[in-house]
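The values are calculated or read from the model by the stated rules, or taken from the named source; none is laboratory data. Quantities reported herein were computed from a predicted structural model and do not represent experimental measurements. Neighbour counts are summed over all protein chains in view; Cβ atoms, including those assigned to glycine, are modelled from backbone coordinates with ideal geometry. Surface areas here come from the heavy atoms of the whole protein model, side chains and all, with no ligands, DNA or RNA. Shrake-Rupley method; radii C 1.70, N 1.55, O 1.52, S 1.80 Å.
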2 protein chains.
Amino acid sequence: MNHQQTLNRALKGIGDFSQQQSALIGEHCAFLKVNKQETLLAAGQVCNAFLFLLTGACYQFRKTDADPNIIDLHLAGDCVVNQLSFISQQPSNETIAAYENSELLVLTIQSLHRLIALSPAFLQLAKLLQVSTLRAEFYDNAMTPAEKYHRVLDDKPQLIQIFPLKYIASYLKITPETLSRVRAAI
Amino acid sequence: MNHQQTLNRALKGIGDFSQQQSALIGEHCAFLKVNKQETLLAAGQVCNAFLFLLTGACYQFRKTDADPNIIDLHLAGDCVVNQLSFISQQPSNETIAAYENSELLVLTIQSLHRLIALSPAFLQLAKLLQVSTLRAEFYDNAMTPAEKYHRVLDDKPQLIQIFPLKYIASYLKITPETLSRVRAAI
DNA sequence: AATCCTACTTGATTGAAATCAAGAAATCAA
DNA sequence: TTGATTTCTTGATTTCAATCAAGTAGGATT
């Protein structure tokens, strides 16, 4: 599948874009290939682009003295962005890295502004910034470990195939031990 | 203090707006006065406006079979919006209501678009939608009840003056008993 | 194949907050 | 003002996930 097709598919989840508009977005993107464990955005840098993950897997984490704190896990089709840093154009607290060899499309904030200048329809792209908000609330404070795990199973079962249990556990803010037990109890 | 002044003050926290731009925003707003316990946005409705809270206090909650789930507490100067519903223009899961008699400015999504058409500078208003994101992360999963409470004390001490303890507890996702004990332990 | 290292599992224990419960204080309504 | 209702406090108990701990399995490297 070519890049534009994957992009079109990703854009479907975001808003109503015509064939032409999708193509225009594609034209404003750069292609990027990274290897396993390469950094896409280092903590302290300003996030000045949207990344569309075409193939592979990426993750977002916060460094700690102990194990890194997983903030987000991304699969092909996802939009990878540190929304806080992007919006505020302040240095990010999180690092974004590739977990697998990955292919991405890069849409810089300048390109985004150029698109919006061409047509307000591209304002819809701003919705991307909300996606992670949805996700953050999705795995809610109030949910039990079992609920969280089953929600991932329903929502993004591939996550569990691709990322190690301890990443999933950190993402869900539970311990690996608890997740292991939840899983065993199915 | 007149409405425009209160609005200007609120806008300072959001972005860089000239005197004229602030005035233009004010001109695009409608004035609204509501009484205690009146509903501003019912669950199931689409949130199609930003509300600037000029005076009074409002809150956002999710209905449950038991006690309502407090999602957000707003004081004068705050921007009151259900961001998810606003962005997606889908029905809201939450209800927004006045806790005290309140005065508000209403900026509809149409007016927002009109402003953005006049000048891209008004895109800064979109930052408002991020404010609650920040807040949601502010009282983090990982914080202890005591940490949460002291953070409110530091951040928004008036909240504790105005809203009953059980609202604060629900907002912080702890029980009233626990909050009472935390408070006693100062 | 042997070694090392990390991930995962499973068990025992602990601890912190929820729940259960009852009484005190504050607010509201008549 | 009185009584009723709700909110807040305080205590006892329970519960559930974290922690501590040890062992097993799987992957990588030589």
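Considering every residue within segment A:104-113, establish whether at least one is open to solvent by 10 Å² or more (accessible area, probe 1.4 Å) and farther than 26 Å from A:D16 by Cα.
Checked against the condition, which is being open to solvent by 10 Å² or more (accessible area, probe 1.4 Å) and farther than 26 Å from A:D16 by Cα, segment A:104-113 yields no hits at all.
Which pairs turn up if I take residues in segment B:142-158 that are within 14 Å of chain A (Cβ to nearest Cβ) and look for partners that are more than 11 Å from DNA strand C (Cβ to nearest atom) and of a type in the set (F, W, Y) with beta carbon separation below 8 Å, at least 6 apart in sequence or on another chain?
B:K148/B:Y139
Filter segment B:70-85 down to residues that are under 11 Å from the mean Cα position of the chain (by Cα) and within 11 Å of chain A (Cβ to nearest Cβ) and give me whichever is farthest from B:C29 (Cα to Cα).
B:I71
A:T55 - would you say it is surrounded by fewer than 21 Cβ atoms within 10 Å (Cβ to Cβ) and more than 21 Å from A:Q5 (Cβ to Cβ)?
Here the answer is no, as A:T55 does not meet what is asked.
Between residues in segment B:22-34 that are in the same structural domain as B:I109 (by TED's automatic domain parsing) and residues that are surrounded by 15 or more Cβ atoms within 10 Å (Cβ to Cβ) and of a type in the set (D, E), which pairs lie under 7 Å by C-beta distance while being six or more apart or on different chains?
Short answer, once both residue conditions are applied: B:K33/B:E103.
Residue by residue, here is whether (1) within 14 Å of another protein chain (Cβ to nearest Cβ); (2) touching a residue at least 60 places away in the same chain (Cβ under 8 Å); (3) surrounded by fewer than 17 Cβ atoms within 10 Å (Cβ to Cβ); (4) of a type outside the set (G, A, S) holds:
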site: B:I87; (1), (2), (3), (4): yes, no, no, yes
site: B:S92; (1), (2), (3), (4): yes, no, no, no
site: B:N101; (1), (2), (3), (4): no, yes, yes, yes
site: B:L125; (1), (2), (3), (4): yes, yes, no, yes
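Mind listing whichever residues of segment B:8-20 are touching a residue at least 60 places away in the same chain (Cβ under 8 Å) and either of a type in the set (V, I, T) or in contact with a Ser or Thr (Cβ under 7 Å, 6 or more places away or on another chain) (or both)?
B:I14
Is it fair to say A:G77 is modelled with pLDDT of 90 or more and not charged (D, E, K, R)?
No.
Name the pairs: first residue in segment B:164-179 and within 14 Å of chain A (Cβ to nearest Cβ) and within 8 Å of DNA strand C (Cβ to nearest atom), second residue part of a loop (DSSP other than H, G, I, E, B) and open to solvent by less than 60 Å² (accessible area, probe 1.4 Å), Cβ to Cβ under 8 Å, at least 6 apart or on different chains?
B:K173/A:N141; B:K173/B:Y139
Looking only at residues in segment A:149-179 that are near DNA strand D (Cβ under 9 Å from one of its atoms) and open to solvent by less than 60 Å² (accessible area, probe 1.4 Å), which one is nearest to the chain's Cα centre (by Cα)?
A:L172
In segment A:134-150, how many are modelled with pLDDT of 60 or more, more than 12 Å from A:Y171 (Cα to Cα) and acidic (D, E)?
1
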